[in-house]
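To start, the structure under review is shown below, and the notes come after it.
We did not get these values from a lab; they are worked out from the coordinates using the rules stated. Just so you know, these numbers come straight off a predicted model, no measurement behind them. Positions of Cβ are generated from backbone atoms using ideal geometry, with glycine treated the same way; all protein chains shown enter the neighbour counts.
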Amino acid sequence: MTAVLAIAGTGLRRFLRDRSNYFFVFVFPLLLVVLIGLQFGGEGGESRAIVVGGSDLADQVATGLEDGGATVSRGGSVEDAQETIARGRADAAVVVTEADDAAFGAGEPVELDVVAGSSTQALAARQVVSVELGRVGNDQRGVLSLEAAGIPPDEALAAFDTVAAVGPTVARSTVGDDSLDEAFAGLGQFDLGAAQQVSLFVFLASLAGAASLIQSRQLGVTRRELAGPVTTTQVVAGEALGRFVVAFTQGAYIVAGTAVLFGVDWGDPVATGAVLVAFCAVSASVAMVFGSLLDSVNVASGVGVGVGLVVAALGGSMLPLELFPDNLLTVSAVTPHHWAYEAYAEITRRGGGVGDVLPQLGVLALMTAILLPLGAWLLRRSLARAL
């Protein structure tokens, strides 16, 4: 056991001896959390909405959105609104046609078209739109009911304005599926970015650590280890433990740093720790495979970064899984990032515990059970080749 720990410690010291790793391990992840928080954070600023149309209903919608805290502009056409959203100058647009206004005035059901962007801020804007459309609809139904009872329209409208000023209103969405709003409900500004970056950088740090396996063979470290009272099994276990320590150090630092600096709520610490350990085990196993298959440090570094970024993108570490189309979501399920993302979402957004993330932990454990023996076998073969 002492030999295994010594080999693992040697791998960790070699990793930390490279000064460039300090930036990528301790600084860059937190910078990305800030950038993603500013871009996708649901609490990063006011929602920006466009109201397309010039009818009375459009005016009421615009007023309601402004009352709900959104910055509202009026658009001339749907195409202009879509272009504005695509350029990132607005988060959502509500389209009100003349037919919608006529149906609204007659008390008939109205379903307005809402165009939303793909950021979490756009999802927050859509939620504001949903609430305000529901409030406007409730008020209109109430006004029509009072008019039917013989109360003049002006008095009926004034009565509802008075009620709105002194008490709560019942909001009801009329814009269709609100599953995305529910998925991101209660998400802090930096929570999403923190969960994504843990998986991204733990995986990248592990693949970067794979280069040390190659260096051990090239510099004769492995040969000297085996020259002493150390077995091949101990060398394999020590190298695997070293990769795991590198991964866990990276992940624990991001979790602690984001909690302290940005107030990220990681939920149940036991559940979060279990997910982090399981994901680090998978990452270390992948590093073992890469470090055993490749013989060049430069190739390992380049391939590791490229593969790490592609897998992270597919697994939801760059774009939330909730925004993936169904076919891409199916492909994403082969990545460990996908299951770590789902587990963190269950813990941080829905207050889940260890029992709630057992399916995700099971998949990560299965990946480790497949990849770690493969990496160990490949490392044994490479060690035999080096000797």
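Spin-label model, Asp56 to Asp80: label points 7 Å out along the Cα-to-beta-carbon direction sit 2.4 nm apart. Evaluated with a Cβ-only charge set (Lys, Arg +1; Asp, Glu -1), segment 255-359 carries a dipole of roughly 140 debye about its Cα centre, given to the nearest 20. For Asp113, the residues whose amide H sits under 5 Å from its own are Val95, ignoring neighbours fewer than 5 places away on the same chain, with H placed 1.01 Å from N. Per-peptide packing, taken as the mean over residues of other Cβ atoms within 10 Å, places 324-335, 307-318, 354-365 in the sequence 307-318, 354-365, 324-335 from highest down. Using R0 = 22 Å, the C-beta based FRET efficiency linking Gln215 and Ile370 works out to 0.25. With the charge dipole of segment 223-323 set up from +1 on Lys and Arg Cβ and -1 on Asp and Glu Cβ about the Cα centre, the Cα lying farthest toward the positive end among the listed residues Gly273, Val289, Val230 is that of Val230.
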